[in-house]
Structures are given as structure tokens and as C-alpha cells.
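Please treat every number below as a calculation from the coordinates, not as lab data. On a predicted model such as this, the values are computed, not experimentally measured, just so you know. Positions of Cβ are generated from backbone atoms using ideal geometry, with glycine treated the same way; all protein chains shown enter the neighbour counts.
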Amino acid sequence: MLERPPRERIHDFEEVDPGLSQEEAVAEAMRCLQCKKPSCVAGCPVSVAIPSFVSAVASWDFAGAAAIIKEENMLPAICGRVCPQESQCEGACILGVKDLPVKVGALERFVADWERAQGFVPPARSQSTGCRVAVVGSGPAGLCGAAELARRGHTVILYESLHAPGGVLLYGIPSFRLPKDIVQAEVAQIEALGVEIRTNHLVGRSVTLEDLFAFDAVLLATGAGLPYFIGIPGEQLAGVYSANEFLTRVNLMRADRFPAYDTPIRRGSRVVVAGGGNVAMDAARVAVRLGASVTLVYRRNEEDLPARRAEVVRAKEEGVNFEFCAAPVRILGESEVTGVTCVRMVVCAQDGNMRPVPSPVEGSSFTLDADLFIGAIGQGPNPLLIREIPGIARGEVGNVEVDPDGRTSVSRLFAAGDVATGAATVILAMGGAKKAALAIDQMLIRSGSV
Amino acid sequence: MYLIEETKQLADRVFQIWIRAPHVARHAKAGQFLMIRVAETGERIPLTISAVDGDSVRVIFMAIGKTTTWLSRLATGDTVLDVAGPLGRPSEIKPYGTCAVIGGGVGIASIPIIAAAAKRAGNYVIGIIGARNSALLILEEELAGTCDELHVATDDGSGGTHGFVSDVLKTALQKQKIDCAWVVGPAMMMKVTSMVTKPFGVKTFVSLNPIMVDGTGMCGSCRVLVGGTTRFACVDGPEFDAHQVDFDLLIQRQRSYLNEEKSAIEEYLVHTCQCSGGSPHA
């Protein structure tokens, strides 16, 4: 499983990691100790029966392995690629104490890719219950919730405001981490369960709240798509992007292929990215692929970067320069970006989340030459729909408040994913959606609607 | 896929199309827009909803860039791949008293639906439309039917009053009390016209048209400064208090992709000039 060399991969949007061969997968699977009390499963937000599927792989039963995974996870080719396994299943693997943990993510991906190449077996579905559930948003939470509900026999309509389903999997995560044909294939499987996807439908606009609440239950999975701006002078200049815009132009609209595709993008020759999460890494690495020299500015130390370590390493390999303990304070330029003034930050006390709080060092400002600035300092729940729902309780970051089963303060309305938690990971969104789907199912059964 | 039910050229390079899009048409209100993508390789562009009839919506545009030129070459019975909407906040329609609805150039397209809504709310509606010359004037007859009075201006005097809509508005304001105004057109026209209403204390809305990508509040491409605060035109607008808008910034940001837009339309025309005027993807 050798990664493609940086010098080669920075010229295209193909995957960095080509995946395991059958022999490699079987050999890796055979390393699993088959623990009686598997800590890996406890580490998985959707509780995939990891030892069982790994055991199936070890005995060359890839179809069996796929069936086991899909009992709990309908998006394995996606999760195998983008889950932070190092802090979940693999982080909990007992082998990891003295040696490398079993590469659960790579195995999951291998099984899913193998199954896709063979042709999917349509998943089993319960008899129709006659209940109708609306799912709003077709990102990881929406897809997962819709799949779970459809499997239990409910009629599911999945609304998506963009022209294609997938949410952040499509517009946010670049194809060198998650190829778009893989997203399409896993979405197609969810459609095969009977989920009806209605693209170009913005709930609250194309679908009224009245129409929405005419369903027996609603799962809100609208994500965290509202980009935050830093609020520094110069952010209105041409050449300043939110990471969301920059990534959407390339990932969803294929601006990297302009003029074959009509959506343009400024490629930049010197790009400054501000932020330290996975989105910042993605933006930096896309900018590299568009031909720019990229500097990533992060206000804390390297060890504080919230991004996955593997992505930081890959970003470095691909030539992204990192400026740690620095923060942009002004974007320079008349009408277009010409530079970014930053200040050094000193990292001292810890905040409520036990994260170091950076504060600026007086007189430490310096300027980076730049013709493009990308802000990747985070995103919040899009308030568009939420603010129109009467009586909905909201949390600190504009998120929807939910109980552990995803119930909101509004009857029959559930929420899962980033809209409930604030920006988090694909798999946490799926975990939340799964719980919410089960709770919806229980509610429908108890109310006698089924 | 969304069916083009009717196409019509209204003026030099100005076209109207009726598209069947029930999810948009059934909920569309004055002031809202839709996003359209012609085909898989296409860009998403915002167009104001100009009129609604049953399950169909009307949009009017000037064929300037690649997408609008492409759209202008579609015929009745053709389809576009995506139509999303209605997007944006509807116009704040209330019984204000006397309302002026002012359209410039292709911006006149936005006026009929606002005029009709204002009229239904019990307002006395004064329409003022203008263009560079009379050949570019659109919807005159339709608006004459909707508005209580309609004034026309052309820059060159070839139709109506010789001058700008702002001049006509100023004259009207000196004669009568106007309680509310909508101004839709090129950014510079909106800026100049809003400056006319300001000293008269007229509540004035402008419909901003910055560059958009998703049109649903996800990217921030359409950010504008209103009263010193960053707002997203797609979800917080597109209509804003005219007297709070930073028009110069809007104009500056609208020019972000001039080079790309120029090369895209040039390439499109080169690649399509030999065929019978159809789409290169047909």
C-alpha cells in the first residue's frame, strides 16, 4: 500500500493512496487477534463488527466481509477513506500498544472497493410500514439516516438543495481523498434501498415547513455549511475565499478543469491558507494542485493542529509551508490581494476545552506575499432553515439542541450530524444519524403509525 | 431535467424563457431568484424570478457570458439540467401607500412580479423603466397593465423621457409623496438611483446581483457590505436597504472573474460559430 509519490500526485486529483491488494488485505487481516471483548468496536461510532469482518477477509471471504460491514455502515468505501481511524477503531486496537494497530480503515475500504468492482448485492429491506419520513440534507448524516430508515421499511424522501447528493462528501472533501465516483456509487446503493432523492430542493423554500411536517417524522441533517470569516480588514478583496467556496468551486463545480467546465477559479501563485483543521489541509492541498506555492498559517503549535496527522504529513510532503503560532490580521491590496500581514502568537493558558489559547505578540507582525487568501477557520450550521422552525431550541454555535437520541425540542423532528453537534467528522455524523433513525423507528412503532 | 416551455427574444441580446419547475413556481414570491445549471459542465448562475404561471417560472436575461449565451440558444422543448429555488428572502411587500418600482436595462425583468405584489397589497404603484435606447426596453406593455402609472426613459431619447430613470424618479418625487421604492438594475444605476431617494427619506430596496456559487449560504462568494456588516446576498438578500449598501464594493467584486468570463465566451463562440446556432452539447 505505497502512497503515490508527492511529486506525481500534486499534478492531479487522483487518490493519494491506491489501497490494498487482495494479498495485502488478507495478510493484514490475519494480524487481528480476534479479541473477545473488542475495543475497536467500542471505538467505532457506528459499531461495525470489526473482528467479524476482518476474520472474513482473513479467510478470503470478501463478500461475507462486505455483508457484515453493511449491517452497520452503508457507506464503507467513504468511511474507509475519511474516518479518523487513528482516534477510533485503530486507536483502540490492542496491537497498537506495542506494534502497529490492524489497518481497519484500509481493510474496510478494500472490502467496499472489492464489492463495488463485483457489482453490489441489493441490501435487504423490511416490509413497507406505510410511514413517511423526510430527511433534509444528503451529506453523511442524511444518507446514513435515510438508509437506516429505508431498511426498516419506511418511505424516505431525501431532500438536497444542491444539484447532486452527497453534501460535504461532494463539495467539501477533495477527490484525492475521496473520489466522487465512490460517493456516487454509495449514494446509488442508498437509492437502491428505495430512498427517493430530490435534488435542487431547498427545504424551507422549495418545500414549505407545512409540507415538511406533513411527514410522520423529519430528520434534519443540514450540516455545517456556513463559512466563518475572520473579520479582518481586506476580506472583501477579490482573491479572498472561504475554504467552502474554494473547495466547492473545485470539488463540486470542477473549476480545476475550466474552461472545459464553466465555473472559474483564481488559481493564485502564492496562496495563504488560515486554519489548522482538515478543511484547511484540503484547501491547501487543492491550491497546490492548481499550481500555487502555499503557506498555511495556524495560530497554535503543530501538535495542536486539529487535522488528521496523516493529512498534515501529506500536505507537508506536497510542499505546503507551515507557519505555526501566527495569525492573519490584515489582507493587503487595492482591489486584489497582494499580501497578508500576520502576527506571531504566543500560546499560553488552556481554554475550557483544554486547548491552548493563543495571544498575539506585540510588534511581531510580518507580511507574506500572496495573491490568494483562503480562510479555513471553521463553519457553523446554516441557519436558513433552522431559524424558520418555530420553537426549535438552539445551542451556542447556532446548532440544533438534541437529546442523545437526536430528538429536538420540536415534536417528531430529529436532528443529526453537524447541524446538531457543530462541525465534526463524517463518522460522528453517521453515528448520530443512526441513533436518530432508530429513535424515529421506535417512535413510529410506539405511536402505532406502523 | 427541466423543460423549456417557451423562449422569446425581447430585445437586442435580451431573452425570456419559461421553464417548467413546479417546486420553484409553487412557492416563488416577489424578489426571489433561482439557480440554473444548463448541463453537467455548466456553471450555476442566479436569475431573478420574473413571473410565475402555474408550475412554470419566467426568467429574463441578457446574453453576455457563456451561460447566458448558451441559454439564449435553447429552444422550446429543450431542457436544462438543474433549477433550484425559489431562493433568497422575498420582497418586503406591505401596504406602504405609494410605491415606485424602478427597473434599468435587463433589471426591468425583476419589476413585474414586485409591481404585481405591491399592487395586490393595496399600494398605488408607479413604474419607472429605462434603458440605453428604445430597442432595449422590455416589458413596457406588461408593466403598463400592472402599474397605476408607467414612466419610460431612454439614455438617448429614442423612447420616453430623454435621460435616466433617476431623473424621472426625481421629478416624480418633487411632485408627489412616495413611501417606498424598489430599484433593480446594474449596480451603478442602483447606486445613482438610491442617491435620489435618500434626501426624500424614501425607504428604498435594491436587489443585489453579486457572483454566486451555491446560492444557499454555503460559500460566501456573494458577500456584500450592508451598513458595515458582511451579509450574504443569497440568503440575507438579495434585497437590502439601498441606503446602507456599499455599491463600490459590489461593483469591485462583480469584476472578480472578468478575464475568465471573457475567455469562456470567446471560446464558446469559436466552438459554436460553425454549427446551426445550437448548443455545443446538443
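For this structure, a couple of remarks:
- Amide H contacts for A:G417 (H built 1.01 Å from N in the peptide plane; partners 5 or more residues away or on another chain; cut-off under 5 Å): A:G432, A:A433.
- Values of log10 I(q)/I(0), in the order q = 0.12, 0.21, 0.22 Å⁻¹, for region A:170-297 under a Debye, Cα-only, solvent-free model: -0.61, -1.28, -1.35
- Reachable lysines, given that their alpha-carbon falls under 23 Å from the alpha-carbon of B:K66 and they are not under 8 places away in the same chain: B:K8, B:K262
- Estimated 222 nm signal from helices in chain B, with DSSP H stretches of n ≥ 4 weighted -39500 (n - 2.57), rounded to 500: -7500 deg cm²/dmol
- Per-residue ³J(HN,Hα) for region B:244-259, Karplus 6.51 cos²θ - 1.76 cosθ + 1.60, θ = phi - 60°, Hz, x for Gly and Pro: 10, 7, 8, 5, 5, 5, 4, 4, 4, 6, 5, 8, 4, 10, 3, 5
- Residues whose placed amide H lies under 5 Å from that of B:S91, excluding near-sequence neighbours: B:A30, B:G31, B:Q32
- Cut-off 13 Å between beta-carbons: net charge of the residues surrounding B:G97, Lys and Arg +1, Asp and Glu -1: +2
- Volume per residue that the Cα convex hull of region B:175-265 spans, once the total is divided by residue count, Å³: 101 Å³
- Counting, for every residue in B:206-219, the Cβ atoms of other protein chains within 10 Å of its Cβ and taking the mean gives 6.
- For A:R308, distant residues with modelled amide H under 5 Å away: A:N278
- Computed from the Kirkwood radius of its Cα pairs, the Stokes-Einstein diffusion coefficient for chain B at 10 °C and 1.306 mPa s stands at 83 µm²/s.
- Overall dimensions of region B:2-87 as given by Cα atoms, namely Rg and Dmax in Å: 11.5, 31
- Gyration tensor verdict on region A:6-118 (Cα atoms; rounded if a/c is under 1.5, prolate if a/b is larger than b/c, oblate otherwise): prolate
- For the pair B:Q176 and B:R26, label points projected 7 Å from Cα toward Cβ lie 3.9 nm apart.
- 18 Å cut-off, amide nitrogen to a point 7 angstrom out along A:F213 Cα→Cβ, residues in region A:134-177: A:134-136
- Interatomic Cα distance distribution for region A:88-234, bins of 10 angstrom, percent: 10, 31, 30, 19, 7, 1
- Fraction of the pair-distance distribution of chain A above 44 Å, Cα-Cα pairs, percent: 12 percent
- Working from label points 7 Å from Cα in the Cα-to-Cβ sense, the B:M195 to A:K98 distance is 8.1 nm.
- A:N301 paired with A:K316, simple spin-label distance in nm, labels 7 Å along Cα-to-beta-carbon: 1.5 nm
- Lys/Arg +1, Asp/Glu -1 at C-beta; chain A dipole; positive extreme among A:F215, A:S39, A:G378: A:F215
- All Cα-Cα separations within region B:91-205 were binned at 5 Å from zero, giving a P(r) of 2, 14, 26, 26, 21, 8, 2, 0, each value a whole percent of the pairs.
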